[in-house]
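What follows is a short report on a single structure.
Laboratory data are not the source of any read-out in this text; all were calculated from the coordinates shown. Computed from a predicted structure; not experimentally measured. Here the Cβ is made from the backbone with ideal geometry for all residues, glycine too, and neighbour counts use every protein chain on show.
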Amino acid sequence: MTLLREAIGDSLRRARLAQSRTLREVSTSARVSLGYLSEVERGRKEASSELLAAICAALDVPLSRVLWDVSTIMAGADGLPADAPAQSADAPEAERTAAAESAEAAPEPASATMSVADARTQIAEDTRIVIPAPRADMLVLVKSN
């Protein structure tokens, strides 16, 4: 079982190594001790949201990108494909069957040219929309100029 702190550490380390930066450079920029950053990267310490934000800023990587990468790692560790819809394993079988049947009987999706008001009239109020996370094997870093 992959722990969240380990997945966060893996993502941060990959981002740092992709930039060919040392722990010392990032720790200085993030204003966190070298030892603590090392512990976070190795998944030994739980980083606070403030610390994660500081490390991400030092790496010039959005925190949302790191969290997206972590969700991909965690989904893979759970044996789920990255695009699998979230469904509780402890939901009653009748509930899952009813959801599958209602999905089959659902009307055609709204076209891109439909107005928002028209689309709302076609979607039942209790309809749940699941948007799967994008698939990716590793974090892709893009630095804008």
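Listing for the model above:
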quantity: The stretch 1-83: Cα Rg divided by the 2.2 N^0.38 Å rule of thumb; calculated: 1.04
quantity: Extension gain from Gln19 to Leu3, taking 0.36 nm per residue of separation minus the Cα-Cα distance; calculated: 3.3 nm
quantity: Loop-resident sites, the stretch 23-79, for trypsin sites (Lys or Arg not before Pro), counting at most 15 other Cβ within 10 Å (DSSP); calculated: Arg31, Arg42, Arg44
